[in-house]
Each structure stands twice: as structure tokens, then as C-alpha cells.
1. Which is at pLDDT below 90, surrounded by 16 or more Cβ atoms within 10 Å (Cβ to Cβ) and assigned to a helix (DSSP H, G or I), of Leu206, Leu178?
2. Take region 24-66 and flag every residue that is outside any loop (DSSP other than H, G, I, E, B), open to solvent by 80 Å² or more (accessible area, probe 1.4 Å) and touching a strand residue (DSSP E or B) at 6+ places or on another chain (Cβ under 9 Å).
3. Determine, yes or no, whether Ile5 is touching a residue at least 60 places away in the same chain (Cβ under 8 Å), under 25 Å from Thr131 (Cα atoms), in contact with a strand residue (DSSP E or B) (Cβ under 7 Å, 6 or more places away or on another chain) and open to solvent by less than 60 Å² (accessible area, probe 1.4 Å).
4. Restricting attention to region 88-103, and to residues there that are assigned to a helix (DSSP H, G or I) and within 22 Å of Lys117 (Cβ to Cβ), which single residue is most open to solvent (accessible area, probe 1.4 Å)?
5. Does Val218 fit the bill of being open to solvent by less than 50 Å² (accessible area, probe 1.4 Å), in contact with a Lys or Arg (Cβ under 9 Å, 6 or more places away or on another chain) and either outside any loop (DSSP other than H, G, I, E, B) or farther than 21 Å from His127 by Cβ (or both)?
6. For Gly186, only one of the following conditions fails: (1) under 15 Å from the mean Cα position of the chain (by Cα); (2) at negative phi; (3) among the small types (Gly, Ala, Ser). What is its number?
7. Considering only residues of region 1-23 that are in a helix (DSSP H, G or I) and among the β-branched types (Val, Ile, Thr), which is farthest from Asp110 (Cα to Cα)?
8. Quick check on my filter: what residues within region 68-97 are within 13 Å of the chain's Cα centre (by Cα) and within 16 Å of Pro49 (Cβ to Cβ)?
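The values are calculated or read from the model by the stated rules, or taken from the named source; none is laboratory data. Just so it is clear, the model here is predicted, and its values are computed rather than measured. Here Cβ is always computed from backbone atoms with ideal geometry, including for glycine, and neighbour counts include all displayed protein chains. Accessible surface areas use protein heavy atoms only, side chains included; no ligands, DNA or RNA. Shrake-Rupley method; radii C 1.70, N 1.55, O 1.52, S 1.80 Å.
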Amino acid sequence: MKTNIVIIDDHQLFREGVKRILDFEPSFQVVAEADDGERALEIVEQFQPDVVIMDINMPNMNGVEATKQLIEANPDTKVIILSIHDDESYVTHALKTGASGYLLKEMDADSLVEAVKVVADGGSYLHPRVTHNLVNEYRRLAVVASGHSMATHPHQMVEIRRPLHLLTRRECEVLQLLTDGKSNRGIGDALYISEKTVKNHVSNILQKMNVNDRTQAVVVAIKNGWVEVK
């Protein structure tokens, strides 16, 4: 079965570019488009798509408010937010409305396709740089909660215990690079392996860690002290 997709973005050229990328994927079908949040609600009600790709900044009704109303009316619809903002406050606000994904507009085609597949399968997907910023915020809050100052303890001393009981050494390296905010291409470049091999490693990591997506894997790894937070 095809994944039915709706694209909501007020920039026609960008919207057409996203559609062209998605049209190359045989399992995807773009069923409708719109250029503002209010129209998005009407289209989703009409077409009942599996995934909505939603720009965060639009006239009449912004993407965050549209997402909130959309999910309240259609709980089964998955939303991926598109944004130019990588600040954690934007990300957390978007996710609190019920969005399943958050992509920066500088994403590459592979990231867009991967995000749609992950979200359509019930997972969540964050742009690698967004994940890295959230990890840094998580570390800051953990240090503050422990009573230390970030100025005097810029890198909290934590003993890293690689999960070799669960993952191979190569998978541990991939997990660390995921935590560093690397994309599949960036991980491949760092380890001198192909993107296809990276994808296989990531799939194995998710399965072995019993998590649905990369973000959950990173959070679990941090909580267990399996990775270094830089």
C-alpha cells in the first residue's frame, strides 16, 4: 500500500521541490497540497492522508497551531514539521502539539524520504542537528539538576560504558555518531562506509535496543551512559 502524503508550505517553489523528491519513491503518493494552515485542515479532512508535511511559518495560521488542530480532529494523521529554526524551544513546542517529526529545510532528499517512512511506520524523526541540540539541552539540564555550574563543569565527568553486551563495536561507533548529530551521510564519511551500510547498522541498533527511532536510541544511550555527550 502507498503512503498518502499532503504537503503544506506557502512557498510554491519549495513545495514543488519536496513533491518531486517524494514522487521518486514508489511507495509514496502526494495526494494534495496547500499554502496555509487553514486550508491544511480542510485538505486533511477531505483526503485523510497518512503523513502531512507542514511548514512551521505560514500566513493565516502557522504550522504549529495547524498541527494542533489537525491532530485533535484526526488523531491517526502523522505530521512532520518543516522549519528553518533548530532551536530546542521551537522543536519541543512543535512536538508538544503532537508532531511526529521535525526537519530543517536544509535537509537532503534522503533525510526527507527516511523521515516520511519512519513517521508513517509510527516512529518519530528529528533532523540530526536538532537531535544534537536537544542532547546538549538535556545535558545542561542534567548538570543544573545535579547542582553544578556549566561554567565550572562544561563537560560533566561521566564514565562511558559502551554497550558491547548488546551492540557490536561498529554499532557502538554509529550510536556515538548519532548522538553527535551526524546524518547517515556524515556517519558514512566518518567511518569510511557507504550510506547503505550505515542504514543497516542503524536498523540493527534500533532492533537490538528495542526502540522505534534514532531519537529514542540516543535518549536511551545517554541515560545509560553508553555515549559521550560533547
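1. Of Leu206, Leu178, the one residue that is at pLDDT below 90, surrounded by 16 or more Cβ atoms within 10 Å (Cβ to Cβ) and assigned to a helix (DSSP H, G or I) is Leu178.
2. Gln29, Arg39, Glu42, Gln46, Phe47
3. The answer is yes for Ile5.
4. So the residue we want is Leu95.
5. no
6. Going through (1) under 15 Å from the mean Cα position of the chain (by Cα); (2) at negative phi; (3) among the small types (Gly, Ala, Ser) one by one, Gly186 breaks only (1).
7. Val18
8. Matches in region 68-97: Lys78, Val79, Ile80, Ile81, Leu82.
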